[in-house]
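The values are calculated or read from the model by the stated rules, or taken from the named source; none is laboratory data. Please read these numbers as outputs of a predicted model, since none were measured by experiment. Ideal geometry is used to build each Cβ from the backbone, glycine not excepted, and the neighbour counts take in all protein chains shown. When the accessible area is computed, the model is the full protein with side chains, heavy atoms only, and any ligands, DNA or RNA have been set aside. Shrake-Rupley method; radii C 1.70, N 1.55, O 1.52, S 1.80 Å.
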Amino acid sequence: MGAPRVLAIVLAGGEGKRLMPLTADRAKPAVPFGGMYRLVDFALSNLVNSGYLQIVVLTQYKSHSLDRHVAKTWRMSPLLGNYVAPVPAQQRVGKHWYLGSADAIFQCLNTIEDEKPDIVVVVGADHVYRMDFAQMVDEHIASGAEFTVAGIRQPIGLADQFGVIEADANDPRKIAAFLEKPTEPVGLADSPTEVLASMGNYVASADALIEAVTADATNPTSRHDMGGDIVPYFVNRGTAGLYDFIENDVDGSTDRDRDYWRDVGTLDAYYDANRDLISINPVFNLYNTRWPLFSGYQQLPPAKFVHAGPGRLGHASDSLVSPGVIVSGATVSGSVLSPGVYLHSWASVSDSVLLDGVLVGRHAQIHRAIVDKNVVVKERARIGLDAEHDIARGFTVTESGVTIVPKGMVVAD
């Protein structure tokens, strides 16, 4: 038999309420990350590197910037029928938008019927990781399962934050039970302090997936969710397979980063994941050229560091500095600077994430902050140094003390 026909579906309709204000004007998968990327780029890069070049991206919530990014960045040659296509919610089956991730697939079954694939790979669009999905597809086919769930090992103390997978005692490749955020989880047989949490990545036999989401659409008690409803559907049928992410071997990975996966669903998680990128031996390595991460920045000049004189020196340490950045006599440490950031003399930026086009005036100070696109920080203004003052100005301050400045603001004091 030849290789199976595979269609990939990226679920990118998430609202991302816990990432407000970063999601006030964009969908969660469109949130910039790591200087050069959008969150959706990680899922798409993984699929393309896995050899899957027919991909639909299902969008819904505030999708303009996401649709534009996918259309401009992820252009495939049509010669061999390859594409990455954003598919907005269309109310194809009724006068309602997507009711959940399973309903999103049901409403877009035409994308599956048009391609007639053997296998459908379904992935989320808002996690940071590397994964070779071809290995998971091979495991799915070998196991005989109708629907396979990718699981990642997580500390048992975090089980109440995830959908938790319990493997069959007689067949570790089969799911015996799927528990939503259990409070009394059972640890793994080979690692009692860990559980297998669902990554939100699935491989399905196409006919079985069509049958499942069609049946789910008629169930009045369903939440129409892939994790909450479709996974239990296959578990109850005895046809749900399990793929342990620890077995995935990505080309160019190291023991340090091979099983890295982060759900950046909160502001603190987003901040911490950005910080993971900048250590000397990063927990997540952006520089693995054998499994590249693709982004849309192609026509920007190099970063520039200028002004070396008494009392001022344009420099950055332990930081990621993107193309198009100018550090003009300013000091940067432990930070991520996105394209087009401009720092004026004597400014100081530490332990912060600055998104595209942020302008920082002379003598301004920014510490432990996330500053959204096109913010103007005036001369001598301060961010992240006084939580009460930040809150009074309308900024968000997280439990860990990270200040978030919304898109396009002018910070004057």
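Quick one: in segment 116-167, of everything that is among the acidic types (Asp, Glu) and open to solvent by 40 Å² or more (accessible area, probe 1.4 Å), which residue is nearest to Thr59 (Cα to Cα)?
So the residue we want is Asp118.
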Residue check for Gly314: in contact (Cβ under 8 Å) with a residue 12 or more places away in the chain, farther than 20 Å from Ala273 by Cα, open to solvent by less than 60 Å² (accessible area, probe 1.4 Å) and not hydroxyl-bearing (Ser, Thr, Tyr): yes
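Working only within segment 61-73, note down all residues that are within 16 Å of the chain's Cα centre (by Cα) and either in a loop (DSSP other than H, G, I, E, B) or crowded, with 20+ Cβ neighbours inside 10 Å (or both). Step through it out loud before you land on a result.
First, pick out the residues of segment 61-73 that are within 16 Å of the chain's Cα centre (by Cα): 61, 63, 65-67, 69-70.
Those that are within 16 Å of the chain's Cα centre (by Cα) and either in a loop (DSSP other than H, G, I, E, B) or crowded, with 20+ Cβ neighbours inside 10 Å (or both): Tyr61, Ser63, Leu66, His69, Val70.
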When segment 216-261 is checked residue by residue, the ones that are over 19 Å from the mean Cα position of the chain (by Cα), part of a loop (DSSP other than H, G, I, E, B) and of a type in the set (Gly, Ala, Ser) are Ser222, Gly238, Gly252
Inside segment 231-242, can you point out the residues that are aromatic (Phe, Trp, Tyr) and open to solvent by 10 Å² or more (accessible area, probe 1.4 Å)? Tyr233
So in segment 287-311, with the set limited to residues that are open to solvent by less than 50 Å² (accessible area, probe 1.4 Å) and more than 17 Å from Ser45 (Cβ to Cβ), which one is farthest from the chain's Cα centre (by Cα)? Gly309
Of Val213, Val203, which residue is open to solvent by less than 10 Å² (accessible area, probe 1.4 Å) and within 21 Å of the chain's Cα centre (by Cα)? Val203
Phe284 being under 23 Å from the mean Cα position of the chain (by Cα) and more than 30 Å from Gly394 (Cα to Cα): yes
Is it the case that some residue within segment 169-180 is under 26 Å from Asp126 (Cβ atoms), of a type outside the set (Lys, Arg), in a loop (DSSP other than H, G, I, E, B) and open to solvent by 60 Å² or more (accessible area, probe 1.4 Å)? no
Counted residues, segment 368-397 - those being charged (D, E, K, R) and part of a helix (DSSP H, G or I): 2
Among residues belonging to segment 340-374 that are open to solvent by less than 10 Å² (accessible area, probe 1.4 Å) and either touching a Pro at 6+ places or on another chain (Cβ under 8 Å) or in contact (Cβ under 8 Å) with a residue 60 or more places away in the chain (or both), point out the one that is farthest from Leu300 (Cα to Cα). Ile370
Residue count, segment 88-111, condition surrounded by fewer than 21 Cβ atoms within 10 Å (Cβ to Cβ), farther than 14 Å from Thr218 by Cα and modelled with pLDDT of 85 or more, comes to 4
Would you pick out the residues in segment 94-126 that are closer than 17 Å to Val84 by Cα, hydrophobic (A, V, I, L, M, F, W, C) and out of contact with any strand residue (DSSP E or B) (no Cβ under 9 Å at 6 or more places or on another chain)? Leu109
